1. Within the range 362-373, can one find any residue that is aliphatic (A, V, I, L, M), without any contact (Cβ under 8 Å) to a residue 12 or more places away in the chain and open to solvent by 80 Å² or more (accessible area, probe 1.4 Å)?
2. In the range 313-326, how many residues are touching a Ser or Thr at 6+ places or on another chain (Cβ under 8 Å) and either open to solvent by 10 Å² or more (accessible area, probe 1.4 Å) or of a type in the set (A, V, I, L, M) (or both)?
3. Residues to consider are Val62, Val71; find the one that is under 16 Å from Ser329 (Cβ atoms), hydrophobic (A, V, I, L, M, F, W, C) and touching a residue at least 24 places away in the same chain (Cβ under 8 Å).
4. Counting only residues that are in a strand (DSSP E or B) and among the hydrophobic types (A, V, I, L, M, F, W, C), which one in the range 236-258 is surrounded by the fewest Cβ atoms within 10 Å (Cβ to Cβ)?
5. Can you pull out every residue in the range 29-41 that is open to solvent by 30 Å² or more (accessible area, probe 1.4 Å) and either free of Cβ contacts under 8 Å to residues at least 40 places away in the same chain or among the aliphatic types (A, V, I, L, M) (or both)?
6. Here are some residues: Arg210, Arg233. Which one is among the basic types (Lys, Arg), farther than 15 Å from Cys283 by Cβ, open to solvent by 30 Å² or more (accessible area, probe 1.4 Å) and assigned to a helix (DSSP H, G or I)?
7. Which residue out of Arg30, Arg54 is under 18 Å from Gln309 (Cα atoms), modelled with pLDDT under 95 and of a type in the set (Lys, Arg)?
8. Pick from Val304, Val297: which is surrounded by 23 or more Cβ atoms within 10 Å (Cβ to Cβ), within 15 Å of the chain's Cα centre (by Cα) and either not in a loop (DSSP other than H, G, I, E, B) or not charged (D, E, K, R) (or both)?
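The values are calculated or read from the model by the stated rules, or taken from the named source; none is laboratory data. Source: prediction; values computed, not measured. Counting neighbours? That spans all protein chains shown, and the Cβs are built from the backbone with ideal geometry, glycine included. Note: accessible area is taken over every heavy atom of the protein model, side chains too, but ligands, DNA and RNA are not part of it. Shrake-Rupley method; radii C 1.70, N 1.55, O 1.52, S 1.80 Å.
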Amino acid sequence: MDRIAGRFARVEPRRRIRHLVLGLLADLPRKNCWTIAEWAGEATPDAMQHLLSRAKWDADAVRDDLRDYVVEHLHDDQAVLVVDETGDVKKGIHTVGVQRQYTGTAGRIENAQVAVYLAYAGQHGHAALDRELYIPRSWTDQPDRCQAGGLYPDTAFVTKPELAARMITRFLDSGHRAPWVAGDEVYGGNPTLRAALEDRATGYVLAVARTHEVITGAGKFRADILAKKLPNRAWQKLSAGAGAKGHRFYDWAHIDLPSIAPGHRHLLIRRNRTTGELAYYRCYSPESVPLTALVRVAGSRWRVEETFQSGKGLAGLDEHQLRRYTSWSRWVTLAMLAHAFLAVVRADEHRLRPGPDDLIPLTCNEIQRLFIPLVARPVHEAGHWLRWSHWRRRHQARSQASHYRRQAATQA
């Protein structure tokens with residue numbers, strides 16, 4: 001909190017930001033301005049809501065502090081930047097960026113809000129360090145709707161790969177370095193993103209569809225056609241990294257792709273040793289690297305899924321109940337900061353206090369369970385909880401009466 005304190009001109013928002021981040025780390029059944037304000041000892045949620053919506057502070061500046069914090073504590077010379085999107089299912093049509101669209105969170109098309117994230121994955125840990133909200137054409141084609149959602153009326157449509165390129169550029173322009181980028185088919189199939197990474201001499205291992213076409217010395221072929229032409233000796237059994245149940249072994253093969261441009265390009269193919277299912281990746285590296293390096297980067301892509309799961313489960317990344325863009329960007333930035341704190345503490349504990357052999361190392365989940373009760377648990381008298389019960393019931397009574405009035409007016 002000392003790191004970001006300078007982003008707030010007054011002591012009140014500095015103190016309240018601390019309470020909000022601690023509330024995001026607390027073991028609350030739901031995390032929103034109401035529950036966190038009650039937990040923190042506030043009389044009403046008004047101040048927390050003001051902090052997220054109208055108070056003067058720059059969420060992008062706090063994001064920059066978060067990025068520096070993550071890289072400083074999880075630094076790895078062979079770190080991988082992983083880009084991916086996640087969706088939050090929403091009701092109604094007024095939440096900024098919401099529309100019916102596919103989201104992997106639900107596994108189907110839902111009324112959802114989708115954001116693209118950039119995660120930093122190294123040997124010491126992983127955490128999200130940047131975010132961009134995906135604004136569909138159904139919003140950018142309606143200036144009034146954009147303005148109502150807290151966006152500029154002339155907001156232009158930007159694709160997910162373009163959002164990814166924007167975040168990667170921000171990271172590299174800040175002076176930090178990561179030699180690799182990984183992502184799924186949404187990003188691997190975009191030639192503009194691949195070209196932008198090559199211009200920055202940044203290696204990548206990006207998934208592509210089986211129908212993706214590549215140019216070889218023998219001509220242009222689909223990825224799945226090339227895979228069928230590979231002899232048995234071309235495949236190697238290699239681990240894509242350790243998972244919850246041990247190393248994830250697959251068969252791997254790669255095909256060199258000729259190019260007159262500097263650097264080395266490959267088509268990487270992964271085969272499931274049980275089902276035979278194939279996956280394909282476009283790869284680039286400024287210098288020649290062994291197959292094991294490409295496999296390591298491909299395996300790092302799953303770290304962003306762990307980041308999403310942990311960020312949502314432990315820090316309330318997806319629990320915001322906010323309609324406007326400013327409030328959304330502030331909430332997710334603080335949730336990312338809360339999760340990054342857990343990731344950094346975990347990395348420090350593993351490095352400084354590895355523990356006995358009969359215990360697994362501390363996890364982010366276990367650190368969260370210990371931190372609030374042992375370090376920062378607020379204690380309030382009974383009157384505080386009773387006053388909040390009274391406030392909630394009064395607010396709900398007003399909402400109920402307002403609903404009945406609107407219903408009666410509609411029927412009339």
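1. Taking the range 362-373 first, the residues aliphatic (A, V, I, L, M) are 362, 367, 370, 372.
Restricting the remaining residues to those that are without any contact (Cβ under 8 Å) to a residue 12 or more places away in the chain gives 370.
Add one more test, that the residue is open to solvent by 80 Å² or more (accessible area, probe 1.4 Å), and what stays is none.
No; the residues of the range 362-373 include none that is aliphatic (A, V, I, L, M), without any contact (Cβ under 8 Å) to a residue 12 or more places away in the chain and open to solvent by 80 Å² or more (accessible area, probe 1.4 Å).
2. Taking the range 313-326 first, the residues touching a Ser or Thr at 6+ places or on another chain (Cβ under 8 Å) are 318, 320, 322-324, 326.
If we keep only those that are either open to solvent by 10 Å² or more (accessible area, probe 1.4 Å) or of a type in the set (A, V, I, L, M) (or both) too, we end up with 318, 322-324, 326.
Total satisfying the criteria: 5.
3. On the way: Val71 fails: under 16 Å from Ser329 (Cβ atoms).
Going through Val62, Val71 in turn, the sole match is Val62.
4. Quick first cut of the range 236-258, residues in a strand (DSSP E or B) only: 236-243, 246-256.
Next cut, among the hydrophobic types (A, V, I, L, M, F, W, C) only: 238, 240, 242, 249, 252-253, 255.
Details: Leu238: 19, Ala240: 19, Ala242: 10, Phe249: 12, Trp252: 22, Ala253: 21, Ile255: 20.
Among those that are in a strand (DSSP E or B) and among the hydrophobic types (A, V, I, L, M, F, W, C), it is Ala242.
5. Correct list: Pro29, Thr35.
6. Numbers: Arg210 fails: assigned to a helix (DSSP H, G or I).
Going through Arg210, Arg233 in turn, the sole match is Arg233.
7. Values: Arg54 fails: under 18 Å from Gln309 (Cα atoms).
The match here is Arg30.
8. Working: Val297 fails: within 15 Å of the chain's Cα centre (by Cα).
Exactly one of Val304, Val297 is surrounded by 23 or more Cβ atoms within 10 Å (Cβ to Cβ), within 15 Å of the chain's Cα centre (by Cα) and either not in a loop (DSSP other than H, G, I, E, B) or not charged (D, E, K, R) (or both), namely Val304.
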